Amino acid sequence: MKIAAAQIKPIDGNIESNMAMHVHWIDEAVLQNVRLIVFPEMSLTGYQRERAEELSLTEFDLRLDVLQKNANENNICIVAGAPIKIDSKIFIGSFILQPNKQIEIYNKQYLHNGEEIYFESSFNFNPLVQIENENISLAICADISNEKHVEVAFQNNTSLYLASIFYTPNGIDEAYFKLANYAGKFNMNILMANYVGESYQMNAAGRSAYWNNKGELIKSLNETEERILITEI
């Protein structure tokens, strides 16, 4: 099964332009027969805190229709991030769009310092996605800093762990170390998607990557280019 991580530079607060960017990279992935593509944290809005409620999307947001249509027509699973509003609460989440299925939601469990002012955390939205022979669990950014998160994925027989992040150059080496360690320790493949460029007045580190279940780094991207990383399990 071919999988892809999209390394992108979202336009802060511009959902329309970011949606078009998502479609572009999904189309590129479809040309390579990719079955799953994952985007970074809050990829549809850019990383936002203060504007989170204003920019939030819901499970039934009509703006997601273009992604669902793409998933249906091209037999691809799409994982895209945004502030997500559920019952008047705002979460940092990922929409999981599978062919001809209802949209599922993953919500960030472990918030970065300062995010708790604008977002709730939740352990109630943590679906196990199944594609072909893979059991897939999701993580968002600070989730990967807590090994308990990966332990739960392991207990759920996860074979592929998807990490959508926004890491700066100061933290990316630590992320690499942790993800490689998790992959080998918990016998799971790990695919990570990060930003490039500047967002929220911080520089992103890029270096989106894939580790196999032995903890070996198989593929990675550089620090600056918008690209998709395609690999095969």
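Please treat every number below as a calculation from the coordinates, not as lab data. Note that this is a predicted model, so its numbers are computed, not measured. Methodologically, a virtual Cβ is constructed for each residue, glycine included, from the backbone with ideal geometry; neighbour enumeration extends over all protein chains shown.
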Exercise. Filter the cross-link list 89/178; 178/219; 148/214; 89/185; 108/178 down to pairs whose alpha-carbon distance in this structure exceeds 26 Å.
Key: 89/178; 89/185
Quiz prompt | At most 12 other Cβ within 10 Å, DSSP loop - chymotrypsin sites (Phe, Trp or Tyr not before Pro), the range 53-143 | solution = 60, 123
Practice problem: For residue 116 paired with residue 73, estimate the spin-label separation in nm (one decimal), with each label point 7 Å from Cα along the Cα-to-Cβ line. | Solution: 4.5 nm
Quiz item: Which of 137, 56, 122 moves most in a GNM of the chain, Cα contacts under 10 Å?
Solution: 122
Self-check item: Stretch in the chain that is longest and holds no GluC sites (Glu not before Pro) that DSSP places in a loop and that have at most 13 other beta carbons within 10 Å
Solution: 133-215
Exercise. Divide by every residue of the chain the summed helix terms, -39500 (n - 2.57) for each DSSP H run of at least 4, and state the resulting mean residue ellipticity at 222 nm, rounded to the nearest 500 deg cm²/dmol.
Key: -7500 deg cm²/dmol
Practice problem: Under a 10 Å cutoff between Cα atoms, tell me which one of 86, 15, 140 has the largest fluctuation in the Gaussian network model of the chain. | Solution: 86
